[in-house]
1. Before rounding to the nearest 500, sum -39500 (n - 2.57) across all DSSP H runs of length at least 4 in the protein assembly as shown and divide by the residue total; then give [θ] at 222 nm in deg cm²/dmol.
2. Please list, short to long, the whole-number percent of alpha-carbon pairs of the range A:54-276 in consecutive 10 angstrom bins beginning at zero.
3. Could you name the aspartates and glutamates whose alpha carbon sits less than 15 Å from that of A:Lys524, not counting residues in the same chain fewer than 8 places away?
4. Using the basic label-point model (7 angstrom from Cα toward the beta carbon), what is the A:Ser554 to B:Thr13 distance in nanometres?
5. Which ³J(HN,Hα) values in Hz, rounded to whole numbers, follow from the phi angles of the range B:40-45 under the Karplus curve 6.51 cos²θ - 1.76 cosθ + 1.60, where θ = phi - 60° and Gly and Pro get x?
6. Kirkwood Rh over Cα pairs of the range A:136-179 into Stokes-Einstein at 10 °C, 1.306 mPa s: D in µm²/s?
7. For the range B:15-57, divide the Cα radius of gyration by the Kirkwood radius and give the resulting Rg/Rh value with two decimals.
8. Could you give the size of the charge dipole of the range B:1-110 about its Cα centre, using +1 on the Cβ of each K and R and -1 on the Cβ of each D and E, expressed in debye and rounded to the nearest 20?
Amino acid sequence: MLKNYFKTAWRNITRNKLFSAINITGLSIGLGCVMLIILYVQDEVSFDRFNDNGRRIYQIVHHGRGPEGDEQKGSITGAVHAAMFRQEIPEIQDICRVNSSSGLVKKGTEVISERGMYVDDSFFKVFTFPLVEGNSSTALAGPNNIVLAESLAKKYFGNANAVGKTLQINVDGKFEPFVVTGVAKQPPLNSTIRFDYVMNITRTFQKQEWKANDLFTTWLNSFILLRPGADRAAVEKKMERVFNSYAGKLMADIRKQYGNKIYIKYVLQPYLNIHLDKGNYYAGNGLTPNSKSDYSYILGGIALFILIIACINFVNLTLSRSLRRSKEIGIRKVSGSSRGMLIGQFMGESLLLTLLAFTLALALVSICLPFFNEVAEKQLQLSYLFNPQTILLFLGLIVLNAVLSGFYPALVLSGFNPVETLYGKFKIAGNNYLGKALVVVQLSIAVLLAIGTIIMQKQFNYMLNKDLGYKPDNIVNVYMPFNNNPGTNIFKSELSKYPFIKGVTAQNTAFDGFTGRQFKANNKDLFSTQFFDVDNNFINLMQMKLVSGRNFSSTTDTVSCIVNESFVKAAGWKGSPIGETVTWNDKPREVIGVIKDFHSASLQSTIAPLLLDQGIKDNNYYVLVVKIDPAKKAEAIQTIQATYKRIVPDQPCNYSFLTDMLADQYKSEKRWKSIISTASFISILISCMGLFGLATLSIEQRVKEIGVRKVLGASSAAIVRLLSLSYLKLVLISLVIASPAAWYLMHRWLQDFPYRIEMNGWTIALAAAGSILIVLFTVGSQSIRASMANPVKSLRNE
Amino acid sequence: MLSLQHISKYYQTGGNKTFVLNDLSLDIDQGEFVSIMGPSGSGKSTLLNIIGMLDEPTSGYHYFMDQPVHQLKEKQRSALYKQYIGFVFQAYHLIDELTVLENIETPLIYQNIKGAERKALVADMLDRFNIVGKKDLFPAQLSGGQQQLVGIARALIGKPKLLLADEPTGNLNSKQGEEIMELFKKINKEDGVTIIQVTHSEKNAEYGSRIINLLDGRIESTTTL
């Protein structure tokens, strides 16, 4: 019996090439999307789970409030926090502090940047990074010991045994010899802590004695390992008490000075939750940035949408084809088949089709994975799919898909009355509301995604092309070394010799760097204020606009400052701000100019009060800002690199174009834009394939009607209109459903952008016109063919 | 073998009842070859379908092999006709996706007969109908007469006691029709299969042992040959 089912199914698939192609392509794309998302989600939730102690590891994080009552959260601590808690709280079995290093390694004369970390010598006890060579309990004992990851050992020492060899590592600006004491298995990609090499962190602490002051100096991440059975809440309570007993007096002083709103408390964040934590702790110090679980949900939703669209094709096409198969059903019933057997047969067919689609989907996924990895910023591999858990999941998916798309048609088809089907009385139910409703669902999803794509594209273009208040084109930021900064003056004089260097200026940090400072102006404390140290050429070179006052007159003017319009507003000066005083660290500076507000940060944030002043010393500037001749870009970059190499031989030359850096701020928006536009393209494509199939079938069924109408005098145009109109109605209904939903969702999305496009009817109109055109094109070709047919042919055979 | 008593079948249209069959009674014995004739709309096919249990009368008593069909449930009826009745159609109704061999085999599959036994039964049937050479062809590759031959072979494969044929020669030319009728006669004589056929052709009707003329859902006359 199964063989017979299988045979009929197979022959049905191969004979109806168009429908099989539509079904299999659609389903395989849908399944492929789901597979990709499963890979993605699996990677997300598997983060850090390889750690044997995973459940007992916590990160010390702090919650608190700032001077204005603003909520503050963070994961950066000082060296003393973890040590203090361990000493006072017996439940803490071990601690491990982690910090990033310069990562510079010398190989011959070349300086290479690697992922280097400072860690406590308990590192290999707390986390599960097994050593393939060396002894994990002593490997990090000495200050100049180093443990390499497998890949790095191979890179520097080939296949030879690395233990006992020496590497030159940059520490505090100087290269020092480090002895390799171990080689660790390559840290997996789904690990929050990833490293190429680790060194002992204690050498980086200048002072070891505990001063209460140190509890307010923070620069590293602290992890603790609780004893088995220890209670997290109890430990957190103790942490609060311990912190208050050490820092209580200083806190009181701070409150006295800045107000009673200030408050801080240390709590524990489970290590296994770090990757998907919604707590928004900033992941610094070389830890893998955390991710939002929202992404998994949105991606999963999109994949499900696409799969549903494909399943709808299957249901609709199978039902529409049922007229052709009704005879077979009748015969099988008369030959003794029960309804259950027929349901089994049709389910089997959909299972077979799903299996075919699944195979194709695997191929699709393996082709698309590199692109997906790029968009998702992952390094997923197809081989991840082949573990028992995933295989089980996929088997489930196949069965679910077969049931989803096969059960309803099977139920309907198996219910046919053989007398009706075999005596030609059978007609498919006149209106087929279900089929139409399903098409509306498909089109609505497609339209929703299409409108989303258009609006995202518009907002994206708006952000990239908005006037920022300066000209970022052809500006190159060259980063000075952090240790032993030679200053920018030497570069300025060297580089200005070349004709393709249009100008050079300096900045303490690039626009994407964080520079907060607390100013006093107009007898007020201004808390969330930004500043940049710049030289007197900066405003001119960046083509910024002074609203009033003047630029710095010389590079040595360190008593003046220039503020932006938002600063003036925040300070609340009445009248001209020129000549007013701004103070920090008890040093007053005179406002000599007001600059027009400009966007140094992304357009997702409003422009903050900002102050420009000049650095006290030349080596306060860490970014050399160079404007180059765009016609001689390659030459200019080469010259910059060569000059850098000459002046700072120990450091690789890091530079970036300002336009790239600014675009980078919209990386996540760009990513979502490409995800949504791909999804909308796919869903439109699959919907249209389905519509095409439906149109072909329905026209086939109406061939006699068309013949009669033509004989009665209908023109070809009238026939095309008749046939297309029913589909046009469905498009219109979908537009009515999808437009408000899209409007609402995109309106909400746009709220995240303080600088945003205005949504207007044109976007919807564009999407409407587009979808109507696409549908008419899809259905029209079939309608035209039918309308041209000779009625004699269609009416003859009866 | 079967007995229909006071069988009526009607449709309610507005306030009127449209009778397809009107208080019809009929007995058929084992081994008979009955031809049912009558103009279009006289109820021939409906009568045949009721006998074949594909359709239900609105009222009346229906006994088949001493079982009260009118009292049986759908499942039991289906088991009954599966075991005892074979159908032949005017339009052959072969499954286009299956070969000749597979078409003939289909009823056996639903009777849960094992593969080896099925093969033997089908081979016998192919041999008997002289279509061994065509066993791997699809219906579209056969002439109408050959398709009907396959249809009959399929109807007979389950060794039915009763063969119901609805205008089996309606789509065939007279020579092909004659061959099919000869075949029916042979099946009736040699295998003792009871046959009830609906036909428009006087000539074909005369192959039977009894001719029943229907008019407006009633038996107008019966001729025993």
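1. Computed ellipticity for the protein assembly as shown at 222 nm equals -15000 deg cm²/dmol.
2. 8, 31, 31, 20, 9, 2, 0
3. List returned: A:Glu68, A:Glu580, A:Asp586.
4. Each label point is offset 7 Å from its Cα along the Cβ direction, giving 11.3 nm.
5. My calculation for the range B:40-45 gives 4, x, 7, x, 4, 5 Hz in order.
6. On the way: Rh = 11.2 Å.
Taking Rh from Cα pairs, D becomes 141 µm²/s.
7. Details: Rg = 11.8 Å, Rh = 11.9 Å.
Taking Rg over the Kirkwood Rh, I get 0.99.
8. Charge dipole of the range B:1-110: 400 debye, to the nearest 20.
FYI, it's all coordinate maths here, none of it is from the lab. Here the structure is a predicted model, which is why all the values come from computation and not from measurement. With ideal geometry, Cβ positions are generated from the backbone for all residues, glycine too; neighbour counts draw on all protein chains shown.
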